[in-house]
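Comments concern the structure below.
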Protein chains: 2
Amino acid sequence: MDEERRFAEEVGVVLSGIGLPAAFGKLMGRLLICDPPQQSSAQLARSLGLSKGSVSTGMRALEQVGMVRRVPGAGRGHVYEMLPDALVRTVDARRVYLAIHALMQNGIDLLGGDESLPRAQRLRVSRDFYAFMAERIPQLIDEFARREGLT
Amino acid sequence: MDEERRFAEEVGVVLSGIGLPAAFGKLMGRLLICDPPQQSSAQLARSLGLSKGSVSTGMRALEQVGMVRRVPGAGRGHVYEMLPDALVRTVDARRVYLAIHALMQNGIDLLGGDESLPRAQRLRVSRDFYAFMAERIPQLIDEFARREGLT
DNA sequence: TGTATCGTTCAGAAGGTTTTGAATGTTAGG
DNA sequence: CCTAACATTCAAAACCTTCTGAACGATACA
């Protein structure tokens, strides 16, 4: 089944198109389509033509952002598997929203804290927008999870 | 007012923290806080300590993603100004959502198109999630725009 | 038309990131 | 204890991107 290889490859291309490492996307693509869902580092390296080092680095990154987890393997070592909410993580950038929110508030403070100043308007709207998103995106995600029965 | 310079600098740091070019963030930061809102390339280069080349490249990028527009200047040349919905653009990545949606559908097709297969479940949920987001994020943005009176 | 300012393009320099592969450590089973 | 497969780390190589600065082109005003 070399089509599966090409699928993972394609996910790599798309994700690298939005600024992520290619190996990251390939690994994600593989974990999306592989059977069984659990795969060892060696299997991933073989099926994707990546070095062990790249797999190690890539999987650590995927683990760190909470898209993948390690479980003890049947024999020796571990295997990796995608978490059910892996994709949700890609959209829930609350941390980023809040960082920008804080940045905008800084700017307003710099202008004397008077939000009614015309000059402060761009900053105020921006601040409010990111606050709005930080509140609403998680709600949206919850709604999807409930609808999909993912609890 | 060197604090304004530092503000732009700080926006640059935060945005480069999420993978964007530093110049991009600095320019955005400057356009958020500057007075008047319209600024020429030369002004931007001077106030940010960037080369003309960097400003040219950065502004072209900001224009291309629709965060900034060029308007004819009073004297010669043009000036740039932030668009009211500049920040909205940063969140409305519908194109990306739809690209991933298509990718997931590809994967399902590869498995024979049978969505009920356990093996296809990760792909199906992913596909549906991105479809959901592509539909809902714009609604969210509209809601904010209405609430804020931005039409 | 001449001049001065401004803007863009482009090639090279600088810097950073990813990928690799070898060395090292680890675990299971014989 | 020994072996074999596996996994991780790390330094070097390859690669890519950004930034700069000089050269070129354009525009407005005198």
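Each Lys or Arg adds one and each Asp or Glu subtracts one; over the other residues with Cβ under 13 Å from the Cβ of residue B:57, this totals +2.
With contacts taken as Cα pairs under 8 Å at a separation of at least 6 residues, chain B carries a relative contact order of 15 percent.
Starting from the stretch A:1-97, pick out the trypsin sites (Lys or Arg not before Pro) whose DSSP state is loop and whose Cβ has at most 10 other Cβ atoms within 10 Å. Walk me through the numbers before you get to the answer.
On the way: sites: A:5, A:6, A:26, A:30, A:46, A:52, A:60, A:69, A:70, A:76, A:89, A:94, A:95; in loops: A:76.
Here the sparse-neighbourhood loop sites are A:76.
For the protein assembly as shown, a crude dipole built from +1 on the beta carbon of Lys and Arg and -1 on the beta carbon of Asp and Glu, taken about the Cα centre, is about 740 debye to the nearest 20. Taking label points 7 Å from Cα along the Cα-to-Cβ direction, residue B:114 and residue A:109 give a separation of 6.0 nm. Here is how far apart the residue B:121 label points are across copies: 5.2 nm, shortest first, using a point 7 Å from Cα toward Cβ.
With the simple model of a label 7 Å out from the Cα in the direction of the Cβ, residue B:65 to residue B:142 spans 2.5 nm. A cut-off of 5 Å between modelled amide H atoms, ignoring neighbours fewer than 5 places along the same chain, links residue B:78 with B:73. Here, the protein assembly as shown has an Rg and a Dmax of 22.2, 75 Å when only alpha carbons are counted.
Taking R0 as 41 Å, what FRET efficiency do you get between residue A:135 and residue B:121 from their Cβ-Cβ distance, rounded to the nearest 0.05?
Values: r = 30 Å, r/R0 = 0.74.
For R0 = 41 Å, the calculated efficiency reads 0.85.
Between residue B:94 and residue A:94, the simple spin-label model (points 7 angstrom out along Cα→Cβ) gives 2.7 nm. The sum of -39500 (n - 2.57) across all DSSP H runs of n ≥ 4, divided by the residue count of the protein assembly as shown, sets its helix-only mean residue ellipticity at 222 nm to -21500 deg cm²/dmol. Among A:16, A:56, A:116, the residue with the largest mean-square fluctuation in a Gaussian network model of chain A, with springs joining Cα atoms closer than 10 Å, is A:116. Shown in residue order for the stretch A:133-146 are the 3J(HN,Hα) couplings computed by the Karplus curve 6.51 cos²θ - 1.76 cosθ + 1.60 at θ = phi - 60°: 5, 4, 7, 8, 4, x, 5, 4, 5, 4, 4, 5, 4, 5 Hz (x for Gly and Pro). Note that the stretch A:2-12 has calculated 3J(HN,Hα) couplings of 7, 5, 5, 4, 5, 4, 4, 4, 5, 4, x Hz, one per residue in order, obtained from phi through the Karplus relation 6.51 cos²θ - 1.76 cosθ + 1.60 (θ = phi - 60°); glycine and proline are x.
For the stretch B:55-67, 3J(HN,Hα) computed residue by residue from phi via the Karplus equation (6.51, -1.76, 1.60; θ = phi - 60°) reads 5, 4, 4, x, 5, 4, 4, 5, 5, 5, 8, x, 9 Hz, glycine and proline entered as x. Three semi-axes describe the equivalent ellipsoid of the stretch A:11-151; taken as square roots of 5 times the Cα gyration tensor eigenvalues and ordered largest first, they are 40, 18, 12 Å. Take residue B:10, move 7 Å from Cα toward the beta carbon, and the resulting point lies 4.5 nm from the same point in each other copy, nearest first.
Is the shape of the stretch B:14-71 rounded, prolate or oblate, going by the alpha carbon gyration tensor and its root eigenvalues a ≥ b ≥ c, with a/c under 1.5 for rounded and a/b larger than b/c for prolate? Cα axes put the stretch B:14-71 in the rounded bin. Here the translational diffusion coefficient of the stretch B:92-148 follows from Stokes-Einstein with Rh set to the Kirkwood radius across Cα pairs; for 10 °C and 1.306 mPa s it amounts to 130 µm²/s. Evaluated with a Cβ-only charge set (Lys, Arg +1; Asp, Glu -1), the stretch A:2-83 carries a dipole of roughly 380 debye about its Cα centre, given to the nearest 20. Shielding by partners for peptide A:87-95, expressed as the average number of C-beta atoms from other protein chains within 10 Å of each residue's C-beta, is 4. Only one residue of A:65, B:58, B:107 has its Cα farthest out toward the positive end of the dipole of the protein assembly as shown, where Lys and Arg carry +1 and Asp and Glu -1 on Cβ, and that residue is B:58.
None of the figures in this text is laboratory data; all of them are computed from the coordinates on show. Since this is a predicted model, take the numbers as computed values, not measurements. When we count neighbours, we look across all protein chains shown, and the Cβ atoms used for this are built from the backbone with ideal geometry, even at glycine.
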